[in-house]
Amino acid sequence: MSPDHTDHTSKIVGTAWGLLVLNTLGSAGAQTIVPLPRSLIQMVTMGSLVAAFALALVVNLRLRIRASAFLLLLTLLLVLSVISSANLESGFGALFRCARLALFVGTLWLLSRWWDGSPTFVRHHIRMYFAVLGSVAAGAIISPGAAMPELYGGRLVGALWPLTPPQIGQYAAVIIGLTVLLVLGRRIDRTSAAVVIVPSLVLLALTHTRTATLGLLMGLALAISSLILTSAAARRFFTWAVLCAAVAAVAFSSALQAWFLRGQSQENFTSLTGRAKVWDALLAAPRTTSEYLFGFGLGDKSFGGLPIDNSWLAVYNEQGMTGVALVAAIVIVLGGVALLRPPSLSRACAIFLISYCAIASYTEAGLGDASPYLLHLTVAASLLAAPAAATDLSTPEVPRRRVPRWALRSEVI
């Protein structure tokens, strides 16, 4: 196979991944500089998912896939979502969300052919989310007032595309963590890494997103700890990071506390900005046995008109305890496989992504539906996949034709 064909295939796979990222950006957020109708945004996001599935199908016409417990559990979650949505307790929108999840999972199955334990999808992930953050930075430069409105307490939002502060913080934290690990693994030079890390850190600080910040710090701590025994660079980075954190905690304690509290009262902070009240009401609501086991069907991750902002409770509300068990199995299986792998850069990146999603699941929803969090876990699954054996997965193997003996004799004659 020619290198040009390999590069072409890689570009198509990268484009399909970028379209999946675009699909999960969502359609709800702050007011943009140029008002975008929600119907237009939904058309773009759904169109990107259909295009991603089509590209994945074109580049994998023979439907060659790699067996994966992660994808099997995702498929079971899809089946459960269809069952729970069939009674239409959440309206016809539930069936639409099931169709979206089906296309999403189907695209992941098609792209699994290129899962080989290499950081290929990490690079696709960083490039696409860095482009998204570029649009956020451009919006902040064009219209600072629209990018940091009073409605969100002066926190950074998407002024060109409707993105909320938690979304921006999540994207920034994930690509910062992955880029740091690539530097430690010497897969990227420091100059290129600084181009990604420095502006992403600035955007993360402007969002005042506590969940993303804690997820970044704790995820990196766990990921780098997995490299300490085998990487001198990881040991040096960990030592300097701990030293700098200690100095910053002492020298800038008041500023860090003010940033962390975001001007909230003690009561508001204790109730997690009102989330706890929604959680208590959701858990106290009466349910039938069927609703307890299978939920009400896929919805907009809200209860009583308020966002749930907890992946486990959102799954419990929409897919019941069965869905909670499946999502827990996904996280446990990925985490267990990561712990059993020998120390490596791929393993460290997977540990970072898994731990980040686990930490963020407490105050963010998304593990039970097509979302950036499922994409993060998919990248982790691709990093934990065993390398392909002998056959190159980028092209189908051409079977050898059996030539009859009489044809060989006539050719000799």
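The values are calculated or read from the model by the stated rules, or taken from the named source; none is laboratory data. Predicted model, so just to flag it, every value in this text is computed and none were measured. Note that we place each Cβ from the backbone using ideal geometry, even for glycine, and neighbour counts take in every protein chain shown. Quick note on the areas: whole protein, heavy atoms, side chains included, nothing else; ligands and nucleic acids left out. Shrake-Rupley method; radii C 1.70, N 1.55, O 1.52, S 1.80 Å.
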Quick test for you: out of 326, 282, pick the one residue that is over 23 Å from the mean Cα position of the chain (by Cα), among the hydrophobic types (A, V, I, L, M, F, W, C) and either modelled with pLDDT under 90 or assigned to a helix (DSSP H, G or I) (or both).
282
Residue, surrounded by the most Cβ atoms within 10 Å (Cβ to Cβ), within region 135-147, restricted to residues that are under 10 Å from residue 158 (Cα atoms) and small (Gly, Ala, Ser)
147
Would you confirm whether or not region 42-61 contains a residue that is free of Cβ contacts under 8 Å to residues at least 12 places away in the same chain and within 30 Å of residue 145 (Cα to Cα)?
yes
Could you please find all residues in region 26-70 being part of a helix (DSSP H, G or I), out of contact with any Ser or Thr (no Cβ under 8 Å at 6 or more places or on another chain) and more than 23 Å from residue 97 (Cβ to Cβ)?
58, 69
Could you please find all residues in region 280-317 being open to solvent by less than 30 Å² (accessible area, probe 1.4 Å) and on the phi > 0 side of the Ramachandran plot?
295, 297
Going through region 181-210 one residue at a time, which ones are in contact (Cβ under 8 Å) with a residue 40 or more places away in the chain, among the hydroxyl-bearing types (Ser, Thr, Tyr) and open to solvent by 30 Å² or more (accessible area, probe 1.4 Å)?
none
Go through the residues of region 342-361 one by one and say whether even a single one is more than 25 Å from residue 18 (Cα to Cα), open to solvent by less than 20 Å² (accessible area, probe 1.4 Å) and of a type outside the set (Phe, Trp, Tyr).
no
Considering only region 228-260, state which residues are open to solvent by 60 Å² or more (accessible area, probe 1.4 Å) and farther than 23 Å from residue 208 by Cβ.
229, 230, 235, 236, 237, 238, 239, 240, 242, 243
Based on what the data block shows, is residue 118 over 30 Å from residue 341 (Cβ atoms), of a type outside the set (A, V, I, L, M, F, W, C) and either in contact (Cβ under 8 Å) with a residue 24 or more places away in the chain or open to solvent by 40 Å² or more (accessible area, probe 1.4 Å) (or both)?
no
Here is a list of conditions, (1) touching a helix residue (DSSP H, G or I) at 6+ places or on another chain (Cβ under 7 Å); (2) touching a residue at least 40 places away in the same chain (Cβ under 8 Å); (3) open to solvent by 40 Å² or more (accessible area, probe 1.4 Å), and residue 320 meets all of them except one; can you say which number that is?
(3)
